[in-house]
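Note sheet for the following structure.
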Amino acid sequence: MINPFKSKKGLGRGLSSLIGDSDIKDSKSNISISSIVRNKYQPRKNFEKESLEELTRSIKERGIIQPIIVRKSDDQEDKFEIITGERRWQAAQNAGFHEVPVVIIKADNLKSLEFAIVENVQRKDLNPIEEAEGYKRLIDEFGYDQDKVSKFIGKSRSHITNSLRLLSLPKEVVSLIEQEKLSQGHAKILVGLENVHLLARKIIDKNLSVRQSENLVRLLRDPNKIKSSLKDANLKNLEEIVEEKIGIKVLIRNKKNNSGQVIFEYKDLDQLNRLITVIKANY
């Protein structure tokens, strides 16, 4: 039997390589939409409402161009479980369809999860938490290690490690990531810190970039840097006051023992004479 996935560029290289000719039980056919159930291994939980409505309108006008990939359900008799294409299935229901085109394949639970993760990761449909949970299921339920996940997904080992670490964050912070209020870059900074939920809220309220968030965390980890930073701000303010008074650039360098230097930078002899005049007038 010809593998219909090899001629469908939209399915992606990962899916076509996972589906072998011997795995296809039935080439494209139509089945009742009520006989289809969602994939219990689907890592994606959130489907954007506007995107789904747009797909519904498209399906009403053009029908379903790319068939839904299903397998025989192993726990519901006479039912087919979606492997890839849940958005199309949901949109078809919203559009009032009674039947949908499918391709039925042979797939065990592991392959079902693999299909779902590959499709969603390749299309960047998963939020960082859904992606991490998909990797965790491969490890916890099917004996994968991080190296195997890395090779299978086609992402670096460090990406897999950093992704899994997000699951150690408090539920409140995880929820903020799922709602896309915190990016994955922000979330990585927060892993392992105390009072993470307070920091997360501060990042959101202040609309801090990832770099600004990193600087904030560095200051919180080293209180001496906060003191130094405040002292520098005070010195900077003093420099500006003196410069405004005498019209010459001033640098104040303070040491830990509170000794230091005051440096006046003049551009020409006129500025030097002005400085001398100010000093003579006050001393």
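The values are calculated or read from the model by the stated rules, or taken from the named source; none is laboratory data. None of the values given here were measured: they were computed from a predicted structure. Reconstructed Cβ throughout: ideal geometry from the backbone, glycine too, with neighbour counts over all protein chains shown.
Consider the stretch 107-131 and keep the residues that are assigned to a helix (DSSP H, G or I) and of a type in the set (Gly, Ala, Ser). The one that is modelled with the highest pLDDT is Ser112. Within the stretch 132-182, being over 30 Å from Ile204 (Cα atoms) and either of a type in the set (A, V, I, L, M) or in a loop (DSSP other than H, G, I, E, B) (or both) holds for Leu138, Ile139, Gly143, Tyr144, Asp145, Val149, Ile153, Gly154. Taking the condition in contact (Cβ under 8 Å) with a residue 24 or more places away in the chain, crowded, with 18+ Cβ neighbours inside 10 Å and not assigned by TED's automatic domain parsing to the domain that holds Arg87, does Leu138 pass? For Leu138, the condition - in contact (Cβ under 8 Å) with a residue 24 or more places away in the chain, crowded, with 18+ Cβ neighbours inside 10 Å and not assigned by TED's automatic domain parsing to the domain that holds Arg87 - is met. Has the stretch 25-33 got at least one residue that is among the aliphatic types (A, V, I, L, M), modelled with pLDDT of 85 or more, part of a helix (DSSP H, G or I) and surrounded by fewer than 20 Cβ atoms within 10 Å (Cβ to Cβ)? Scanning the stretch 25-33 turns up at least one residue that is among the aliphatic types (A, V, I, L, M), modelled with pLDDT of 85 or more, part of a helix (DSSP H, G or I) and surrounded by fewer than 20 Cβ atoms within 10 Å (Cβ to Cβ).
Okay, residues lined up against (1) of a type outside the set (D, E, K, R); (2) surrounded by 15 or more Cβ atoms within 10 Å (Cβ to Cβ); (3) touching a Ser or Thr at 6+ places or on another chain (Cβ under 6 Å):
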position	(1), (2), (3)
Glu54	no, no, no
Arg57	no, no, no
Lys79	no, no, yes
Trp89	yes, yes, no
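Pairs linking a residue in the stretch 237-257 that is over 17 Å from Lys267 (Cα atoms) to a residue that is in a strand (DSSP E or B) and polar (S, T, N, Q), with Cβ atoms under 7 Å and 6 or more positions apart or on different chains, are Arg253/Gln261.
Checked against (1) touching a helix residue (DSSP H, G or I) at 6+ places or on another chain (Cβ under 9 Å); (2) in contact (Cβ under 8 Å) with a residue 12 or more places away in the chain; (3) closer than 24 Å to Gly134 by Cα, Ile204 passes all but condition (3).
With the requirement that a residue be farther than 15 Å from Ser32 by Cβ and of a type in the set (Asp, Glu), what does the stretch 59-98 give you? Of everything in the stretch 59-98, those that are farther than 15 Å from Ser32 by Cβ and of a type in the set (Asp, Glu) turn out to be Glu61, Asp74, Asp75, Glu86.
Residues of the stretch 203-233 that are modelled with pLDDT of 80 or more and part of a helix (DSSP H, G or I): Ile203, Ile204, Asp205, Val210, Arg211, Gln212, Ser213, Glu214, Asn215, Leu216, Val217, Arg218. On the given criteria, is Ile82 within 30 Å of Ser156 (Cα to Cα) and out of contact with any Gly (no Cβ under 6 Å at 6 or more places or on another chain)? In short, yes.
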